[in-house]
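Visitor: This is the structure I want to talk about, given as structure tokens.
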Protein chains: 2
Amino acid sequence: VTGSGRSDEPLRWGEFELIDHVFAPLAKEYAGAFGLKDDVAALAMKAGHQLVLKADSLIESVHFLQEDPPATVGRKALRRALSDLAAKGATPELYLLAIALPETIGRSWLESFAGGLAGDQVQFRIALAGGETSRTPGALTITVTVAGWVPEGRLVRRKGATPGDEVWVTGTIGDAAGGLSLLNNECVAPNNTVHERLVGRFRLPQPRLAFGKRLLEFARSAVDVSDGLLADLGHIAEVSGVSMEIDTVAVPLSSELIALWGEGQESVLRAVSAGDDYEVAFTTPESAFETVMRAAESSATAVTRIGRVTEGAVGVVMRDSSGREISSPRKGYMHF
Amino acid sequence: VTGSGRSDEPLRWGEFELIDHVFAPLAKEYAGAFGLKDDVAALAMKAGHQLVLKADSLIESVHFLQEDPPATVGRKALRRALSDLAAKGATPELYLLAIALPETIGRSWLESFAGGLAGDQVQFRIALAGGETSRTPGALTITVTVAGWVPEGRLVRRKGATPGDEVWVTGTIGDAAGGLSLLNNECVAPNNTVHERLVGRFRLPQPRLAFGKRLLEFARSAVDVSDGLLADLGHIAEVSGVSMEIDTVAVPLSSELIALWGEGQESVLRAVSAGDDYEVAFTTPESAFETVMRAAESSATAVTRIGRVTEGAVGVVMRDSSGREISSPRKGYMHF
């Protein structure tokens, strides 16, 4: 049974006490949340903008581990959904939270969970606008629905990559997978710093919202990297009807991941096939180079050019340091 | 383990095949769904309107039973959320679906599930705009987020009940609880028709969308009846700062429920404390009587006056046939 190992003060709250104590404080600054005391959340329109919506579930033993600190669990649920907004150039407005709680979850867990969300709400300028709490006989499941704004007709789609475009990615790839391999005791970090940083990347993604808004200036296509870089670039290639060539040696790995997995092609292939990065991959015309670099600098976000869009067969090709095609056996994290 | 008794053809689909086969067909008519091939759904604004949002989870063994037909499971998930829109006077636009599947769910279950949703999409003029599918080690969990429109500033709130108002409710109360008591073998129906109708009310709520839109003409406050009539009227009383007096003898019970539970005060008290009705309770000025009746007639929705709003202590009071106050031990369905 999931969650059976957790020990916490029993809840001893009715459903409405739980909402009043834990969730209503997160909604107090958003008028359309009605203090979580109505059936729905209300949202006023924003002139010249369209709304973007994303619902995403975080499930215990699938997307996070029972031992993960509750303060990071709520933030990971929120940040995963925010990462989708970032990749579309959108600005967050509100989120809804539907949480299914097993009986092992008690007060202190919920208070830490909500505390984590409170911090993220300030950091990402987003408010809780609606919530729903249920009991579950199964795994703790947190479903976040985020809503954000993008200027009318400016949404950055997956579709739009054009032969001649350059392929970019933010941050570094594979760190969360490295962190998970440490938590699963599949390997041991050479030192504490490496351990903490990689585990931190698994537990607490960094949605690229500041850089994401700048995508509107230069991106022809973009995707949230969550299934794995190779799989997610594959989504762009498929809907854009293009080929992509990725230079293995250009894929950015962190020094921590290199300290864990080693340098070289094997580590890169493992990293591009792993999930949970929550970076943004995008394509731009070659002429956009300076604009991309300025956006990266002003948002303090690392970006790396990793390949190009071509007219070849639809799909993604990885090339080694001498330009030869690498056959990669695995495309990304698959739920099924 | 939840769902272990289910037998079905194994899934043998990857995540993207599953989306392509089962969910993408439900999204094909909504442009902003991008064929479920992008990170988000997009929604154009509607002049003079505000958006209302609601996220709601349906969990196996909590909100539905493993034996329930898959075609009704998806519809119940959708209809529960639509019922919240109905109670606010809103018109549905789109929904997002986040589904966490245990391994026991196979193709035929999913195809029936999607078939049920397809029918409801036509009936309620709503489209799937985004989806997310995960594996869960626990209970099948379906989270639906609905979005709908209401004319700017016209949202019918829970807050607004005013002393002198009359209290109304649509349909009949307690049927779903009767159906659940039959499915749990707590009682036996006198005949098949009673059994089927009450079980049908548990499995397949009827969101009062047609009548709901008319609430804008006359309702001072309204609530979706999901926790139980007494508990949900309590929500109106609390946020409106009023007292409500409900005439037990006026609460509408179906002939099927009376055939199961019998006539009289005990059955009514049981019905008003049970959940899952998905009717709409609302208050209106006395002068609105004719308008309410016309709205009921033109939307083919039964409505009943069951009490009044007064200036007494905040809360809900039940009165028996001679006007005496009844003390009721139980307020509604509580998750915790």
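The values are calculated or read from the model by the stated rules, or taken from the named source; none is laboratory data. None of the values given here were measured: they were computed from a predicted structure. Quick reminder, even Gly has a Cβ in these numbers, built from the backbone with ideal geometry, and neighbours come from all protein chains shown. To get the accessible areas, we keep the full protein, side chains included, count just its heavy atoms, and leave off ligands, DNA and RNA. Shrake-Rupley method; radii C 1.70, N 1.55, O 1.52, S 1.80 Å.
Visitor: Condition first: more than 14 Å from B:A177 (Cα to Cα) and in a loop (DSSP other than H, G, I, E, B). Now tell me which residues in the range B:212-251 satisfy that.
Guide: Once the filter is applied, which keeps residues that are more than 14 Å from B:A177 (Cα to Cα) and in a loop (DSSP other than H, G, I, E, B), the range B:212-251 yields B:A219, B:R220, B:G241, B:V242, B:V251.
Visitor: Something else about it: Can you tell me how many residues within the range B:161-212 are of a type in the set (D, E) and open to solvent by less than 40 Å² (accessible area, probe 1.4 Å)?
Guide: 3
Visitor: Is it true that A:S83 is under 17 Å from A:L209 (Cβ atoms), facing chain B (nearest Cβ under 10 Å) and among the polar types (S, T, N, Q)?
Guide: In short, yes.
Visitor: Is it fair to say A:A100 is at the interface with chain B (Cβ under 10 Å from one of its Cβ atoms), of a type outside the set (S, T, N, Q), open to solvent by 50 Å² or more (accessible area, probe 1.4 Å) and under 25 Å from B:V40 (Cβ atoms)? Talk me through it step by step, then tell me what you get.
Guide: Details: at the interface with chain B (Cβ under 10 Å from one of its Cβ atoms): yes; of a type outside the set (S, T, N, Q): yes; open to solvent by 50 Å² or more (accessible area, probe 1.4 Å): no; under 25 Å from B:V40 (Cβ atoms): yes.
No, not satisfied.
Visitor: Name every residue in the range A:54-80 that is assigned to a helix (DSSP H, G or I) and within 11 Å of another protein chain (Cβ to nearest Cβ), in order of residue number.
Guide: First pass over the range A:54-80, keeping only residues assigned to a helix (DSSP H, G or I): A:70-80.
Result: A:R80, single match.
Visitor: Would you check if there is a residue in the range A:278-286 being charged (D, E, K, R), within 14 Å of chain B (Cβ to nearest Cβ), within 25 Å of A:P205 (Cα to Cα) and out of contact with any Phe, Trp or Tyr (no Cβ under 6 Å at 6 or more places or on another chain)?
Guide: Yes, the range A:278-286 contains at least one residue that is charged (D, E, K, R), within 14 Å of chain B (Cβ to nearest Cβ), within 25 Å of A:P205 (Cα to Cα) and out of contact with any Phe, Trp or Tyr (no Cβ under 6 Å at 6 or more places or on another chain).
Visitor: For the condition out of contact with any strand residue (DSSP E or B) (no Cβ under 9 Å at 6 or more places or on another chain), open to solvent by 20 Å² or more (accessible area, probe 1.4 Å) and more than 24 Å from A:A176 (Cβ to Cβ), what is the one hit in A:R294, A:R270?
Guide: Within the list A:R294, A:R270, the selection yields A:R294.
Visitor: Can I ask one more? Cβ-Cβ distance below 9 Å, separation of 6 or more or different chains: which pairs start in the range A:147-164 with a residue that is without any contact (Cβ under 8 Å) to a residue 60 or more places away in the chain and end on one that is open to solvent by 20 Å² or more (accessible area, probe 1.4 Å) and basic (K, R)?
Guide: Correct list of pairs: empty, since none qualify.
Visitor: Suppose we keep only residues that are modelled with pLDDT under 95 and in a helix (DSSP H, G or I) within the range B:85-108. Which one would you say is farthest from B:W13 (Cα to Cα)?
Guide: Applying the filter and picking the extreme gives B:S108.
Visitor: Yes or no: the range B:86-96 includes at least one residue that is away from chain A (no Cβ under 11 Å), in contact with a strand residue (DSSP E or B) (Cβ under 6 Å, 6 or more places away or on another chain) and in contact (Cβ under 8 Å) with a residue 40 or more places away in the chain.
Guide: So far as the range B:86-96 goes, yes, one or more of its residues are away from chain A (no Cβ under 11 Å), in contact with a strand residue (DSSP E or B) (Cβ under 6 Å, 6 or more places away or on another chain) and in contact (Cβ under 8 Å) with a residue 40 or more places away in the chain.
Visitor: Sticking with this one: Can you tell me which residue among A:V280, A:V309 is within 19 Å of A:D84 (Cβ to Cβ) and hydrophobic (A, V, I, L, M, F, W, C)? Outline the logic, then answer.
Guide: On the way: A:V309 fails: within 19 Å of A:D84 (Cβ to Cβ).
That would be A:V280, the only listed residue that is within 19 Å of A:D84 (Cβ to Cβ) and hydrophobic (A, V, I, L, M, F, W, C).
Visitor: What is the one condition in (1) within 14 Å of chain A (Cβ to nearest Cβ); (2) over 14 Å from the mean Cα position of the chain (by Cα) that B:L183 does not satisfy?
Guide: It is condition (1) that B:L183 fails.
Visitor: Being more than 18 Å from B:V146 (Cα to Cα), within 11 Å of chain B (Cβ to nearest Cβ) and out of contact with any His (no Cβ under 8 Å at 6 or more places or on another chain) is the requirement here; does A:G48 meet it?
Guide: Yes: the conditions hold for A:G48.
Visitor: Taking the criterion of being in a helix (DSSP H, G or I), modelled with pLDDT of 95 or more and open to solvent by 10 Å² or more (accessible area, probe 1.4 Å), would at least one residue in the range B:298-313 satisfy it?
Guide: So far as the range B:298-313 goes, yes, one or more of its residues are in a helix (DSSP H, G or I), modelled with pLDDT of 95 or more and open to solvent by 10 Å² or more (accessible area, probe 1.4 Å).
Visitor: Which one of these is without any contact (Cβ under 8 Å) to a residue 12 or more places away in the chain and open to solvent by 10 Å² or more (accessible area, probe 1.4 Å): A:A71, A:A31, A:A44?
Guide: A:A31
Visitor: A follow-up question, please. Working only within the range A:116-148, note down all residues that are open to solvent by 10 Å² or more (accessible area, probe 1.4 Å), out of contact with any Phe, Trp or Tyr (no Cβ under 8 Å at 6 or more places or on another chain) and assigned to a strand (DSSP E or B).
Guide: A:G130, A:E132 - these are the residues of the range A:116-148 that are open to solvent by 10 Å² or more (accessible area, probe 1.4 Å), out of contact with any Phe, Trp or Tyr (no Cβ under 8 Å at 6 or more places or on another chain) and assigned to a strand (DSSP E or B).
Visitor: Within the range B:18-62, take every residue that is within 19 Å of B:V73 (Cβ to Cβ) and polar (S, T, N, Q) and give me the one that is modelled with the highest pLDDT.
Guide: B:S57
Visitor: Are any residues in the range B:12-28 over 27 Å from the mean Cα position of the chain (by Cα) and open to solvent by 30 Å² or more (accessible area, probe 1.4 Å), and if so, which ones? Reasoning before the result, please.
Guide: Initial filter on the range B:12-28 (over 27 Å from the mean Cα position of the chain (by Cα)): B:12-18, B:20-21.
Answer for the range B:12-28, where residues must be over 27 Å from the mean Cα position of the chain (by Cα) and open to solvent by 30 Å² or more (accessible area, probe 1.4 Å): B:R12, B:F16, B:E17, B:D20, B:H21.
Visitor: Right, something else. What's the total number of residues in the range B:213-229 that are modelled with pLDDT of 95 or more and either acidic (D, E) or open to solvent by less than 10 Å² (accessible area, probe 1.4 Å) (or both)?
Guide: Final tally of qualifying residues: 9.
Visitor: Could you check the range A:253-274 and list, in sequence order, the residues that are outside any helix (DSSP H, G or I) and not polar (S, T, N, Q)? Reasoning before the result, please.
Guide: Pass one, the range A:253-274, residues outside any helix (DSSP H, G or I): A:253-254, A:262-264, A:273-274.
Result: A:L253, A:G262, A:E263, A:G264, A:A274.
Visitor: Hey, could you check the range B:155-173 for residues that are outside any loop (DSSP other than H, G, I, E, B) and β-branched (V, I, T) and say which is farthest from the other protein chains (Cβ to nearest Cβ)?
Guide: This residue is B:V167.
Visitor: Give me the pairs, please: first residue somewhere in the range B:185-197 and within 14 Å of B:G174 (Cβ to Cβ), second residue anywhere and of a type in the set (D, E, K, R), beta-carbon distance under 6 Å, and either six or more positions apart or on two chains.
Guide: Within 6 Å, the pairs are B:V194/B:E256; B:R197/B:E256.
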